[in-house]
Amino acid sequence: MKRFCLSLAFCLFPFFASAAAGPEVVPLWPHGAPGTPPGVTEQEVYVAATPERNYSQLSRVHNPSVTVYLPPKEIATGAAVIICPGGAHRFLAIDHEGYDVGRWLARTGVAGFVLKYRLARTEGFPYTVDLSVGDALRAIRLVRSQAAEWGIDPKRVGIMGFSAGGEVAALAAARNDAASPDASDPVDRVSSRPDFQILVYPGGLLVDALKVPKDDPPAFLTCAYDDSVSNVLLPRLYLKFHEAGVLAELHIYAHGGHGFGMRDSQLPVGAWTVRVQDWMANLGLLSKR
């Protein structure tokens, strides 16, 4: 059961979830995450959406984890996606860019893993974007290492990111590293390279920070024209993929602003999830094996 909220807008969530309470929550490092100062006992802080701010916020992440959304076995395709919510590296928009995405993927036969990564702008802690990227790479490895348990094809593990989470996802895809067969940690014995990447209105760090390698995985890119954060960035990012010879698909909708995520919308941008499914199907990711 979830803990009692301290107010209508503010509550603390337990780190572990039981089967009765909801989806499984799996820590990336069960014995403590490297890079988190020793002795930290502060819990994650969840702030619910309000009429004035139509998105929830999760912050103060010190023990990164994935929340698991598995599809019913009868529709499971074997594909999996690690989901990186945005939030300007200060918080995670954990519902409409996280849990709601995981539920949608599971309904389409794809396993969704919502990543709670450490945030570079966590006040009082020495976290960086590089550490966030490291959490994403660890999540890819964790999912691939437990592929048999979760009914996943280890060659169909991708990553998706929104806004700041899009930066984390793209950087993780570009900076992945190979397996270490002799590693003492079994998770490190598999590759951290995602098989595909889905970048939804990613943030502006990528223009200068992202160097696209020729072996970068296929990319799906989308945003809205009236998004002042991503509307110019995304075409430039698409060209980076094109110049590197990386297969990429770009969709820019006329309206939708920044942060549309999984919100209900009567605008064409509301169909971005359909375009993602089409793209994944075209890559052969949704056909059962």
>> For segment 147-206, give me each residue that is of a type in the set (A, V, I, L, M, F, W, C), in a helix (DSSP H, G or I) and under 24 Å from Leu70 (Cβ atoms).
In response: Ala147, Ala148, Trp150, Val168, Ala169, Ala172, Ala173, Val187
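To keep it simple, each residue is scored yes or no on (1) surrounded by 19 or more Cβ atoms within 10 Å (Cβ to Cβ); (2) in a strand (DSSP E or B); (3) in contact with a strand residue (DSSP E or B) (Cβ under 7 Å, 6 or more places away or on another chain); (4) of a type in the set (Gly, Ala, Ser).
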| position | (1), (2), (3), (4) |
| --- | --- |
| Pro23 | yes, no, yes, no |
| Pro30 | no, no, no, no |
| Gly39 | no, no, no, yes |
| Pro51 | no, no, no, no |
| Tyr55 | yes, no, no, no |
| Pro71 | yes, no, yes, no |
| Ile75 | no, no, no, no |
> Quick check: is even one residue across segment 197-208 touching a Pro at 6+ places or on another chain (Cβ under 7 Å), under 21 Å from Cys84 (Cβ atoms) and modelled with pLDDT of 95 or more?
Replying inline: yes
> Could you say whether any residue in segment 134-147 is surrounded by 23 or more Cβ atoms within 10 Å (Cβ to Cβ), under 17 Å from Glu44 (Cβ atoms) and under 10 Å from the mean Cα position of the chain (by Cα)?
Replying inline: yes
> Quick check, is Asp130 assigned to a helix (DSSP H, G or I), over 13 Å from the mean Cα position of the chain (by Cα), more than 19 Å from His258 (Cβ to Cβ) and at pLDDT below 95?
Replying inline: no
>> As an exercise: evaluate Ala244 against (1) under 22 Å from the mean Cα position of the chain (by Cα); (2) farther than 16 Å from Ile159 by Cα; (3) at pLDDT 95 or above; (4) surrounded by 14 or more Cβ atoms within 10 Å (Cβ to Cβ) and give the number of the one condition it does not meet.
In response: (1)
>> Report every pair of residues separated by at least 6 positions or lying on different chains whose Cβ atoms are under 8 Å apart, first residue within segment 198-225 and farther than 13 Å from Ala172 by Cα, second basic (Lys, Arg) and not in a loop (DSSP other than H, G, I, E, B).
In response: Val207/Arg236; Phe220/Arg275; Thr222/Arg275
> Given the structure, is Glu74 free of Cβ contacts under 8 Å to residues at least 12 places away in the same chain and at negative phi?
Replying inline: yes
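The values are calculated or read from the model by the stated rules, or taken from the named source; none is laboratory data. Fair warning: this is a prediction, and the values are worked out from it, not measured in the lab. Cβ atoms come from the backbone with ideal geometry, glycine included; neighbour counts cover every protein chain shown.
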